[in-house]
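Colleague: Handing you a structure now.
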Amino acid sequence: GAFLHPGDFKESRSLGTKIVVQSKPELTSDVSNVEKNLLCVHLKHSVNTSGDNEVPIFSFPPQNADGSLNEVLNEIIQSYDKNSRKPSGSNEYASGVTSQAFSLASILFGKSNADRIKRKDGAFASWLQRVCVAEVQQDIAFETSQQNYCGAIFAALSGNDFSQASLIARSNGYNMLALMISNSNSSAGDSLANQMKMWSDSGALDHFPSELLRIYYLLTRDLDAEENLYKQSAAMQGHTLDWKRRLLMLYQCMENTPHNGNESTISKAVKKYEGDVVDGVAPPVSAWYMDPRLVLSDKDQSCTLFRLLKVFHNAENNMDKVPLSSVISPSGYTADPFDVSKSFHFAAVLSALGVCEELTQVEEHRLLESYASQLIGGYQWEWAVYITLCSLSKGRHLTRNVIEHKKTMAFEIVQRYYRPSEDDDARIRRSFLEKKIGIPSSWFENALATQAIQTFDVRAFVNHSTMSSDHNALKIYEEAILPDILFSGGKDNCRGIIDVLDAMEDGKPDSSTLRGAVYNYLQLWKGVSKFASTDVDQNNNTDSKYESLVKMGYSIQSCLQRLVEGDTSTKWKLFNGLPLVPKSVTLTELSSAVSMVLSHLDDLKEGQMLSQGNSHALALKNVSHQVFAPSNDDLVFSQLDSKSVLRGKHKMAERSAEANIGLLYY
C-alpha cells in the first residue's frame with residue numbers, strides 16, 4: 001500500500017533537510033455516525049449463512065425468484081436511504097450521493113410489468129427532480145440577484161419545477177410567458193415549435209434574447225439549442241450544467257413518448273444520454289467532486305448514480321451484467337480513493353439483488369479487508385471484526401477454507417486490539433461482539449493471555465489461558481504445571497494430578513500425550529503398590545495381575561518413546577528464563593521412573609514366588625516394603641529441583657533399595 005515518489009523529490013516533497021521517497025495512504029481517523037448507522041442497518045438485516053456453530057458469517061437474503069424485491073430487501077434499501085442522509089447544513093454534493101443511490105436502487109429494481117414500468121418512470125422523474133433541487137434553487141437565487149429573471153425562469157424549468165417558473169415570470173411582468181408555462185403540454189409545445197419556425201423563417205428569431213430562446217426551446221422539448229450551447233461552452237471552458245440537470249431535461253423531453261415493448265423511459269434516456277456524451281453534446285457523467293467541463297479519461301470517474309442507471313439499463317434489456325467491482329468503486333462517490341465505506345454497502349445490496357456480475361473471491365476479500373482496515377483506523381475495531389465475517393457472494397465463495405480464513409482474520413483483530421488496560425470502551429466492545437455478533441468469549445481470554453505473555457504475568461497468563469478453552473487449559477497444565485508438580489513430588493500433589501485429569505478429561509486422558517502417560521504411570525504405581533501389599537496365600541491371581549501390570553508398564557514406555565521422538569514443542573515465551581522443567585527432561589525422567597517401577601515389580605514377583613517354599617521370603621518382602629515405605633513421600637526424580645534440572649546438573653538416581661527413590665505411596 002506504499003507510494004513511491006521518484007522524479008518529484010525536488011518539487012513539493014522536501015521537509016527541511018529530509019526528502020520523502022515513500023509514503024502510505026492516510027486512512028480516516030474517525031468513523032461518522034452515519035457510517036455507524038449504515039453498519040447497524042447491515043447487521044440488523046443480515047442472516048447467518050455459514051451454519052458454523054462457533055462464528056457466524058453474515059449476508060443479506062437474496063431477492064425473490066421472479067426478480068422482484070422481497071419485503072426484507074425492500075426494507076433494507078429503505079433503511080439505508082433513511083440512515084445515509086446527512087444532517088442539514090452538510091455538503092449535499094459530497095454527502096448526498098449515498099442516500100441518492102439507495103433511493104434510486106429502490107426505484108429501479110422491482111417487477112417488470114407494464115403498469116410497474118409507468119410507475120417506475122414517474123418515481124424516477126420525481127427522484128431526479130429532488131436530486132437537482134439544490135443546484136436549481138442556487139441558480140434561481142443567483143440569477144434573481146442579478147435581475148436576470150429569464151435566467152431564473154429557465155433554471156426552474158430545467159429542474160422540472162413549472163409552478164415556480166410560472167410564479168417567477170408572473171412576479172416580474174412576464175405574464176404571457178407565465179401563461180404559456182402554466183399551460184405547457186405536448187400540443188402547446190407543438191404549437192410553439194411551429195410559431196418559432198415561422199419566426200426563424202422571417203428572421204425575427206435572431207432578435208430574441210438568448211435566455212428567452214432557451215426557455216422556448218425547452219417548452220417545445222427541443223434540446224438542440226442546449227447541445228449547441230454546451231459545445232460552445234465546453235470549447236471555451238465556460239460554465240455548463242451538471243449532468244443530472246441535463247438528464248432531467250432530456251427525460252422531460254422523452255417522458256410522454258410511447259412505450260415500445262417493456263423498455264422504460266429510464267432505459268431510453270440512459271441510452272440516449274450516453275450517446276450524447278460520446279458525441280460531445282452533453283456533460284460527462286462526472287462524480288460530484290470533478291470539474292464537469294473535463295472529459296472523462298476513465299469510466300471509473302463516472303458518478304455512482306449513473307453506474308446504477310447503467311446496471312438497470314443492461315438488466316432491463318437482457319444485456320451483459322455490469323461488473324459489480326466497477327459499480328462500487330469509491331471514485332464514483334468520493335474524492336478519497338481509499339474510502340470504501342460506502343462500497344461495502346453498495347456491494348451488499350447489489351449482490352443480494354443479483355443485478356450485477358458478482359465480485360471474484362479476490363475482489364471480495366480485498367474489499368472486506370480494506371474496509372476493516374479503514375474501521376480500525378477510525379478506532380472502531382469491533383466493527384472491523386464484523387466486516388471480516390461478512391459475505392457478499394450469496395454463498396458462492398463460502399467454502400470451508402474461506403470461512404476459516406474469515407475466522408482467522410477476525411480472531412487476529414481481537415487478539416491485537418482488545419486491550420482493556422488501554423481502552424476505556426473495551427468492555428463495551430466485547431459485549432457488542434459477544435452478544436450481537438456471536439464472538440466466543442474464549443477469543444478475548446486468549447487475547448488477555450497473549451498480553452500477559454508480553455508483560456511476563458504468569459498468573460494472568462495461566463488464568464486467562466485456562467478460561468479460553470479446555471484445549472489451552474490442558475496444554476498449559478501439561479507443559480507448564482504438570483512437570484513441576486511431578487518434580488515437587490508428594491502424595492497430595494500426585495493425587496491432585498489424578499483428580500485434575502479425571503475432571504478435565506472425564507477420567508480418560510489421551511494416552512498419546514504427556515498428561516496421559518503421567519496419569520497411566522500413577523495408575524501403574526497404584527497397581528504395583530497394591531500388588532506389593534497382597535498376601536500370596538490370600539490371592540491366587542498373582543500371575544495375571546503381574547502380567548497386567550507389566551503390560552501397562554511397557555505400554556507407557558512405548559508412549560514415552562513416541563513422545564520423545566516427536567517432541568517438537570517450544571517453551572511458552574512467557575516462561576523463558578523461569579525455573580520450569582523442560583518437557584524433554586520430564587519425558588526422560590518419567591521413562592526412567594517407569595523402568596524402575598517395572599524392576600521393583602520383578603523383585604516383588606520373585607519375592608512372592610519364593611514365599612511359597614523359601615524361608616527367606618519374609619526378608620525379601622520386608623525389603624520390598626522398605627522400597628514403598630509410607631515415610632518416603634516423593635517420586636523417583638523428586639530429589640532433583642527444577643532449577644538444577646534447567647542448569648543441567650542433575651544426576652540419574654541409582655537403583656537401590658536403600659536410596660531415597662520413593663515412588664508415591666497410597
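Colleague: Write down the accessible area per residue of the range 315-471 in Å², having rolled a 1.4 Å probe over the full set of protein chains.
Modeller: For the range 315-471, the per-residue accessible area is 45 Å².
Colleague: Quick one: which of LYS44/LYS244; LYS475/LYS551; LYS197/LYS271; LYS475/LYS508 span more than 23 angstrom between C-alpha atoms?
Modeller: LYS44/LYS244; LYS475/LYS551; LYS197/LYS271
Colleague: Can you give the FRET efficiency to the nearest 0.05 for MET319 and VAL47, using r as the Cβ-Cβ distance and R₀ = 30 Å?
Modeller: 0.45
Colleague: Turning to a different aspect of this structure: Under a plain spin-label model, where a point goes 7 Å from the Cα along Cα-to-Cβ, how far apart in nm are ASN37 and ASP336?
Modeller: 1.8
Colleague: What does the highest-first list of 331-340, 116-125 look like by mean Cβ count within 10 Å?
Modeller: Packing order, densest peptide first, comes out as 331-340, 116-125.
Colleague: Could you give me the ³J(HN,Hα) list for the range 273-288, computed from phi with Karplus coefficients 6.51, -1.76, 1.60 and θ = phi - 60°, whole Hz, x at Gly and Pro?
Modeller: 5, 4, x, 5, 5, 4, 7, x, 10, 9, x, x, 7, 6, 5, 4
Colleague: Using a Förster distance of 41 Å, how high is the FRET efficiency between LYS231 and SER187, based on the Cβ-Cβ distance and rounded to 0.05?
Modeller: The value I calculate is 0.85.
Colleague: Tell me the Kirkwood hydrodynamic radius of the range 186-235 in angstroms, computed as one over the mean inverse distance between distinct C-alpha pairs.
Modeller: It works out to 11.4 Å.
Colleague: If one puts a single equal scatterer on every Cα of the range 361-486 and applies the Debye formula without solvent, what log₁₀ I(q)/I(0) results at q = 0.21 Å⁻¹?
Modeller: Each listed q corresponds, in turn, to -1.18.
Colleague: Give me the distance in nm between label points sitting 7 Å out from Cα along the Cα-to-Cβ direction at VAL362 and VAL550, one decimal.
Modeller: 6.6
Colleague: Along its three principal axes, how long is the range 126-208 when you only count alpha carbons? Whole Å, largest extent first please.
Modeller: Result for the range 126-208: principal-axis Cα extents of 39, 29, 19 Å.
Colleague: Run a plain Debye calculation on the range 308-408 (Cα atoms as equal point scatterers, no solvent) and give log10 I(q)/I(0) at q = 0.12 Å⁻¹, rounded to two decimals, same order as the q list.
Modeller: -0.41
Colleague: Pick out, in residue order, every one of the chymotrypsin sites (Phe, Trp or Tyr not before Pro) in the range 350-409 that is DSSP loop and has at most 10 other C-beta atoms within 10 Å; say none if there are none.
Modeller: none
Colleague: Give the long-range amide H neighbours of GLU357: residues separated by 5 or more places, or on another chain, with amide H under 5 Å away, using H modelled in the peptide plane at 1.01 Å from N.
Modeller: Long-range HN contacts for GLU357: VAL322, LEU324.
Colleague: If I model a spin label at ALA134 and ASP502 as a point 7 Å from the Cα along the Cα→Cβ vector, what separation in nanometres do I get?
Modeller: Going from the ALA134 label point to the ASP502 one covers 7.4 nm.
Colleague: Report the extension gain between THR408 and ASP603 in nm, rounded to one decimal, defined as 0.36 nm multiplied by the number of residues separating them, less their alpha carbon distance.
Modeller: Roughly 64.6 nm would be gained on extension.
Colleague: Averaging sequence separations of C-alpha pairs under 8 Å and six or more residues apart, then dividing by the length of the range 308-423, give the relative contact order as a whole percent.
Modeller: Once normalised by length, the contact order is 21 percent.
Colleague: Same structure, new question: Of the accessible area of the range 115-167, with the probe set at 1.4 angstrom, what percent is carbon plus sulfur?
Modeller: Carbon and sulfur atoms account for 50 percent of the accessible area of the range 115-167.
Colleague: Pulled fully out, how much extra length does the chain show between ASP201 and ARG119, if you take 0.36 nm times their separation in residues and subtract their Cα-Cα distance?
Modeller: Here the segment from ASP201 to ARG119 would lengthen by 25.4 nm.
Colleague: If each residue of separation counts as 0.36 nm, what is the full-extension length gain between MET467 and GLN146 once their alpha-carbon separation is subtracted?
Modeller: Between MET467 and GLN146, full extension yields an extra 108.1 nm.
Colleague: Related question: What FRET efficiency do you get for THR542 and LYS435 if R0 is 51 Å and r is their Cβ-Cβ distance, rounded to the nearest 0.05?
Modeller: 0.25
Colleague: Residue-wise, which Karplus ³J(HN,Hα) couplings in Hz belong to the range 125-133, taking 6.51 cos²θ - 1.76 cosθ + 1.60, θ = phi - 60°, and x for glycine or proline?
Modeller: For the range 125-133, the Karplus curve yields 4, 5, 4, 5, 5, 5, 5, 8, 4 Hz.
Colleague: At a 1.4 Å probe radius, carbon and sulfur cover how many percent of the accessible area of the range 356-438?
Modeller: Ligands and nucleic acids excluded, carbon and sulfur give 46 percent.
The values are calculated or read from the model by the stated rules, or taken from the named source; none is laboratory data. The structure presented is a predicted model; accordingly, all values stated were derived computationally and were not measured. When we count neighbours, we look across all protein chains shown, and the Cβ atoms used for this are built from the backbone with ideal geometry, even at glycine. Ligands, DNA and RNA are stripped out before the accessible areas are found, and what is left, the full protein with its side chains, is counted by its heavy atoms. Shrake-Rupley method; radii C 1.70, N 1.55, O 1.52, S 1.80 Å.
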